[in-house]
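Input: a single structure, listed below in structure tokens.
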Amino acid sequence: MSGMRKPGRNFLFVPGPTNVPDRVLRAMHAPMEDHRSSDFPKLTLPLYGRLRKIFKTKEGQVVIFPSSGTGAWEAALTNTRAPGDKVLISRFGQFSHLWGELARRHGLDVIVQDEEWGNGANPDRIEEALRADKNHEIKSVLVVHNETATGVTSNVAAVRRGMDAAKHPALLYVDGVSSIASIDFRFDDWGVDLAITGSQKGLMLPAGLGIVCASKKALAAMKDCNLKHCYFDIPDQIRANAIGYFPYTPALPLLYGLREALNILEEEGLENVFVRHHHLAGGARAAVAAWGLKLCAKEPKWHSDTVTAIMVPAGFNGADVIDVAYKRYNLALGAGLSQVAGKLFRIGHLGDLNELMLLGAIAGAEMAMRDTDIEVDLGSGVAAAQAHFRGSIQAKIKQVAAE
Ligand code: PLP
């Protein structure tokens, strides 16, 4: 229990980076090669069409930057906007805050719609703001689909309906960093113009790829944009990508990893991946209810299937739970950020994960809470999650038998 060595596996339950499957690790273990060779496009060209399926788009243009998700945020904005453009962002957690800050630092005129943390984007308020904007000065609406800081998923389809009802031409930008490839995301059906994600969550890779998907309208907006950027130029990428290359040295091992991660997602089937995440999240939420604790998400309609943010009782510090879990049990839980620092801890349950792995995290969280004097019954969360898992597995077995 003491000493430097932590035997066994680290239980990685932060909501990204997530576990990298052994198959992906092996695929990335590749010698470097010439990224301008005649063979190289065989690796790269198929990736774009396969990623399109992950975004659920027929014609969206996908580009892959060597960056984390933040770079993809930056690319989406700097390629489509001009200095002083008005952009509207719904803010309800640390990541929606940071995206708005990034926009502000790039010289955009950011209109922030604050929602209480624990709620998500409010489509009615967005519609109202757009209706009031008679001269169509608002050029972009920014929504974080899954706010990783609070475990809240917003209804992007409803935001799009609000935008359409207001008959407003603003482009819809959606951060899908902790939703894409884990929970349902529909670029075409929801009329998303720019979607962004990173490699280290649902795609089960290390951090290092920032992926952007752009609609035809977004591509057209790139012609008028004059916010300064160079490295993150989307048209440069598109030109080089068309023949299987990149404007600069790509993150080669990550591309091999991406190919294998896509194989894994396709083998399981994207819809089954979503069902699995919902099933696992149900277990995490059952555990929280059994502990008698509250989620940060204020209503079931906001429940995230990729991350559960758990409020610690007043007088306790979530950071202590996280510290004990890490030091004693080799379990990494997510911290409370900014406004909710110390008030909660988070269990990330996305990516390459199954029931028994999550039960390990729930057991560890229970022990860490008891060690920090939070009154929860040992085994209560584990039992509730087990019951949830068994219940939904039995229901599935019956359904299959009936078919
Ligand atoms: N957006 C969301 C929803 C996130 O969860 C994160 C990171 O966790 C980011 C953006 C920033 O991505 P990155 O840390 O890869 O730059």
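Report the Stokes-Einstein translational diffusion coefficient (µm² s⁻¹, integer) for the range 241-308, Rh taken as the Kirkwood radius over Cα pairs, at 25 °C with viscosity 0.890 mPa s.
The calculation lands on 161 µm²/s.
When the accessible area of the chain is split by element with a 1.4 Å probe, what percent falls to carbon and sulfur?
Here it works out to 54 percent.
Not counting ligands, DNA or RNA, and with a 1.4 Å probe, what is Ile243's accessible surface area in Å² rounded to the nearest 10?
Ignoring ligands and nucleic acids, Ile243 comes out at about 110 Å².
Please identify the DSSP H helices in the chain that span no less than 20 Å along the helix axis (Cα) and have a mean Kyte-Doolittle hydropathy of -1.0 or more.
Answer set is 40-55, 252-268, 270-291, 355-371, 380-402.
Which translational diffusion coefficient, to the nearest whole µm²/s, is obtained for the range 48-203 from the Stokes-Einstein equation, given a Kirkwood hydrodynamic radius over C-alpha pairs, 37 °C and 0.692 mPa s?
Using the Kirkwood radius from Cα pairs, D works out to 213 µm²/s.
Please list, ordered by chain and number, the residues whose modelled amide H lies under 5 Å from the amide H of Ala82; skip anything fewer than 5 residues away on the same chain.
Close amide H contacts, sequence-distant or interchain: Asn226.
Given a Förster distance of 30 Å, report the FRET efficiency between Asn330 and Ala30 from their Cβ-Cβ distance, rounded to the nearest 0.05.
0.50
Identify the trypsin sites (Lys or Arg not before Pro) of the range 86-145 meeting these criteria: DSSP loop state and at most 13 other C-beta atoms within 10 Å of the C-beta.
Filter output for the range 86-145: Lys134.
For a Förster distance of 45 Å, can you work out the FRET efficiency between the beta-carbons of Asp377 and Lys53, rounded to the nearest 0.05?
E between Asp377 and Lys53, to the nearest 0.05, is 0.50.
Measure up Lys167/Lys223; Lys86/Lys228; Lys86/Lys134; Lys167/Lys217 against 18 Å on the Cα-Cα distance and list the ones that go over.
Pairs exceeding 18 Å: Lys167/Lys223.
How many nm separate the modelled label positions at Lys6 and Ala165, each set 7 Å beyond the Cα in the direction of the Cβ?
Distance between label points: 4.7 nm.
For the chain, set up a GNM with springs between Cα atoms under 10 Å and report which of Met367, Met32, Met357 has the largest fluctuation.
Met32
Counting only helical runs of four or more DSSP H residues, what would the 222 nm mean residue ellipticity of the chain come to if each run contributes -39,500 (n - 2.57) and the total is spread over all its residues?
The per-residue figure over the chain is -13500 deg cm²/dmol.
Taking every DSSP beta bridge with both residues inside the chain, roughly what % is antiparallel (nearest 5)?
Taking every DSSP beta bridge within the chain, about 50 percent pair in antiparallel fashion.
What Rg and what Dmax come out for the range 201-243 when only alpha-carbon atoms are used, in angstroms?
12.7, 36
Between the range 269-304 and the range 161-232, how many Å separate their Cα centres?
If we compute the Cα centre of each part, the gap is 25 Å.
Going by average Cβ density within 10 Å per residue, which order do the peptides 170-179, 47-56 take, highest to lowest?
Answer by packing, highest mean first, reads 170-179, 47-56.
Round to a whole angstrom and tell me the spacing of the C-alpha centers of the range 362-394 and the range 25-69.
The range 362-394 and the range 25-69 have Cα centres spaced 40 Å from each other.
Can you compute the modelled spin-label distance between Glu403 and Ala132, with each label point 7 Å from Cα toward Cβ, in nm?
4.9
Based on C-alpha coordinates, I'd like the Rg and Dmax of the chain, in Å.
21.5, 65
Which one of Asn354, Leu344, Thr372 has its Cα pushed farthest toward the positive end of the charge dipole of the range 339-381, where Lys and Arg give +1 and Asp and Glu give -1 at the Cβ?
Result: Leu344, furthest along the dipole toward the positive end.
Run through the range 239-309 and list the chymotrypsin sites (Phe, Trp or Tyr not before Pro) located in a DSSP loop whose Cβ has at most 16 other Cβ atoms within 10 Å.
Tyr248
Can you compute the charge dipole magnitude of the chain about its Cα centre, using +1 on each Lys and Arg Cβ and -1 on each Asp and Glu Cβ, nothing else charged? Give it in debye, rounded to the nearest 20.
360
The values are calculated or read from the model by the stated rules, or taken from the named source; none is laboratory data. Everything quoted here is computed from the prediction, not taken from an experiment. Note that we place each Cβ from the backbone using ideal geometry, even for glycine, and neighbour counts take in every protein chain shown. Accessible surface is based on the protein model in full, side chains and every heavy atom, while ligands, DNA and RNA are left aside. Shrake-Rupley method; radii C 1.70, N 1.55, O 1.52, S 1.80 Å.
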